[in-house]
Amino acid sequence: MGVEQEAEVSGAPVRVTLFVRGEVQGVGFRWWTRARALELGLAGHARNTADGRVEVVAQGRRAAVDALEALLRETPSTTRRPGHVESVVVQQGVPRDGISGFVER
């Protein structure tokens with residue numbers, strides 16, 4: 001059984017970094033992402049990158065992380081997501097201890 005499968009079965013937290021490309025800076029996108037992440041019970045952050053993307057680091061239950069990713073990709077948005085998302089690239093990570101809350105950076 002792989003790490004992701006074990007996390008799903010055990011309920012252990014997972015961590016992903018999502019790189020969101022599109023019209024996502026200067027439109028309230030990080031604020032919207034923070035609100036959705038907190039509703040889903042996730043920890044992490046959303047920050048602008050120098051190349052115009054938004055980096056979203058999310059840690060928590062697999063189902064909640066998957067739900068946030070789906071909301072980021074959803075077209076058209078059913079939750080009034082600001083801006084326009086062209087693509088989302090996901091990198092799996094290793095959960096970290098001591099992470100709580102979700103902030104905009």
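Listing for the model above:
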{"quantity": "Segment Thr49-Glu104, length gained on full extension (0.36 nm per residue, minus Cα span)", "calculated": "18.6 nm"}
{"quantity": "Nearest-20 debye value, the chain charge dipole, Cβ charges on Lys, Arg, Asp, Glu", "calculated": "320"}
{"quantity": "Accessible surface, 1.4 Å probe, highest first, among residues Leu71, Leu18", "calculated": "Leu71, Leu18"}
{"quantity": "Carbon + sulfur, % of accessible area of the chain - ligands and nucleic acids excluded, 1.4 Å", "calculated": "49"}
{"quantity": "(1) 39, 27, 25; (2) 55, 30, 27; (3) 52, 23, 21, with the label sought being that of the calculated Cα extents along the principal axes in Å", "calculated": "(1)"}
{"quantity": "DSSP-loop chymotrypsin sites (Phe, Trp or Tyr not before Pro) across the range 25-105, with at most 13 other Cβ within 10 angstrom", "calculated": "none"}
{"quantity": "Furthest towards positive pole of dipole, Ala50, Val94, Pro76, structure part the chain, Cβ charges", "calculated": "Ala50"}
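The values are calculated or read from the model by the stated rules, or taken from the named source; none is laboratory data. This is a predicted model, so every value here is computed, not measured. Glycine gets a Cβ as well: all are built from the backbone with ideal geometry, and neighbour counts include every protein chain shown. Note: accessible area is taken over every heavy atom of the protein model, side chains too, but ligands, DNA and RNA are not part of it. Shrake-Rupley method; radii C 1.70, N 1.55, O 1.52, S 1.80 Å.
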